[in-house]
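Take a look at the structure set out below.
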Amino acid sequence: MILSCDKLSKFYATKRVFKDLSLRFDSPRSLLQGANGSGKSTLLRIIAGLEETSSGNIDWQATPSDSTVLIVLASESVLPPDVYTAIEVLALIERYQKVDTELRETLIQQLNFNAHLHSRVSELSSGSLKKLLLIAALSQHSDVLLLDEPFANLDVESRDLLKDFILADQRFQIIVDHHRLLGELPCVAMDD
Amino acid sequence: MFAKPSLHTIMQRKTKRFFQNNRRLYQFFIGFLIFMGPIAGATMLFAAPLLGYLAVNAVSLLEFAMVACSLALLCIVFVQFYFLYWQSSELQFLKLSMGKGRALLHHFVALNRQAAIFHILVLAAFARIEINIQSMIYVVVCYLSLFATFLWRYKLYSGSPFILKERLNAWLSASSLGEKASVGEKIKEVTKTRLNTKLFFYLMRSGAWLRALLVVAMYVLMAKLATSDIDTAFLAGIGISIMMLGSFFVALLSKLVQTNLHRDMIFWQSLGQAMPTRLTGLIKRVKWALISLFPLVFISAYLLTRI
């Protein structure tokens, strides 16, 4: 699978996030690089189809025959409403998306997330919230997995554990990771 | 060095921005005021002394309680219109910048300036009733209702949790989940009804309940009107004015529910396009159903009493 972004531009009112951005992701797992504020999270949301571009095209090549690309994004810019508890968020996702329940259960047990299942999203610490987003994203069926700073705010054990799960995942992945905890991966730079 | 803007200046700027953002809603409201304002005003000026008269002449506690409830509803309308353009972050900011007590006082004074019609309503009662202990109690009850409603809404808008809602959420979360079940089973046990109930509460927050209450009150008024013995010409005129006011409240309710939905739109979209499209469509359908219910309530009540 290959993803090509051709002359993408994004503006919020008068603020320019990026302009005429052309990128190509041709490795199964790529690191998206860029300085703070260069628009990495915005680009991930655009690739996930959650935000419109101001101009430019996104093109998926060599996709499966049915040509619908299912994309999952784990990012703190896609937070669930704070009225729901963690368990309700997982149930809500299961209601609308296909989920690998076995993998989800393993992740919950190994990340010690059991104790937080009945906490509301607004009551979760930033680390627990990150765990919830990653459990939801890793256990959902999709062709593409987008991860925005997956290791931020996590303790060392959880980081190591999630690193193994992410590396074992066979989906096409684009990852924003400033700490480079996943080792040497092909990089795609956003800077001009 | 810049001087700090006063609350009055901030309110003026906010009001201007609020009008710009809600232009269509205000066009409808201004239209309503031009055509139906005199009728609504006359009704209120007639109803206020009547309310005072009923309060002073109440022979039972139940009667007085009903008058107090009507007063509380009036207070909610005035206070809610004031807080309609304040957001909790702005109230918190003002609390921090001018001190907790001063911010509260400033807002209460500003509300009283804006709620001039409320004072007219209370004082108009004295044009018709005697000044005695009971009428004094009536005035005290009026202002206590206004102050209590203001404190309640101010606390809520400035970010303090609504204890009843918190308890309800805790109860909803705690119910139906067995401790011994596995995680997968626990997630499966989260029923569709529970998720829908939470979604409903989520969409109805930030004062949507009050707007819904006003819509219900308009239905009650419509039914009461249809069962009264007023001349047909007046019946139609008052009926149309109630329907227009009711439609305005429905529009307010629908707009607020949509704003609540859009707050986390990116999450709903992440569940697939079908979910937000279905919800937006549902909100629109409910809006039109609520509006079309007005003539239906009128016709049903009219036919029931006359056939």
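Can you confirm whether segment A:23-35 contains a residue that is loosely packed, with under 15 Cβ neighbours inside 10 Å, more than 14 Å from the chain's Cα centre (by Cα) and within 13 Å of chain B (Cβ to nearest Cβ)?
No: segment A:23-35 contains no residue that is loosely packed, with under 15 Cβ neighbours inside 10 Å, more than 14 Å from the chain's Cα centre (by Cα) and within 13 Å of chain B (Cβ to nearest Cβ).
If I filter segment B:254-297 down to residues being without any contact (Cβ under 8 Å) to a residue 24 or more places away in the chain and among the charged types (D, E, K, R), which single residue comes out as farthest from the other protein chains (Cβ to nearest Cβ)?
Checked segment B:254-297; the qualifying residue farthest from the other protein chains (Cβ to nearest Cβ) is B:Arg285.
If you check A:Leu133 against the conditions, is it under 16 Å from A:Ser158 (Cβ atoms) and either open to solvent by less than 30 Å² (accessible area, probe 1.4 Å) or within 16 Å of the chain's Cα centre (by Cα) (or both)?
yes
Any idea how many residues of segment B:220-242 are within 17 Å of B:Ala289 (Cα to Cα) and crowded, with 19+ Cβ neighbours inside 10 Å?
2
Which of the residues that make up segment A:142-164 are farther than 24 Å from B:Ser270 by Cα and not in a helix (DSSP H, G or I)?
Result: A:Asp155, single match.
Hey, can you tell me all the residues within segment A:89-98 that are at the interface with another protein chain (Cβ under 9 Å from one of its Cβ atoms) and in contact with a His (Cβ under 9 Å, 6 or more places away or on another chain)?
A:Gln97
Out of segment A:95-104, which residues are open to solvent by less than 50 Å² (accessible area, probe 1.4 Å) and of a type outside the set (A, V, I, L, M, F, W, C)?
A:Gln97, A:Arg104
Can you name the number of the only condition in (1) loosely packed, with under 13 Cβ neighbours inside 10 Å; (2) modelled with pLDDT under 75; (3) more than 24 Å from B:Arg205 (Cβ to Cβ) that B:Val109 fails?
Checking B:Val109 against (1) loosely packed, with under 13 Cβ neighbours inside 10 Å; (2) modelled with pLDDT under 75; (3) more than 24 Å from B:Arg205 (Cβ to Cβ), the one that fails is (2).
The values are calculated or read from the model by the stated rules, or taken from the named source; none is laboratory data. Computed from a prediction, not measured in an experiment: that's the story for all the values here. Quick reminder, even Gly has a Cβ in these numbers, built from the backbone with ideal geometry, and neighbours come from all protein chains shown. Protein only, heavy atoms only, side chains kept; ligands, DNA and RNA dropped before computing areas. Shrake-Rupley method; radii C 1.70, N 1.55, O 1.52, S 1.80 Å.
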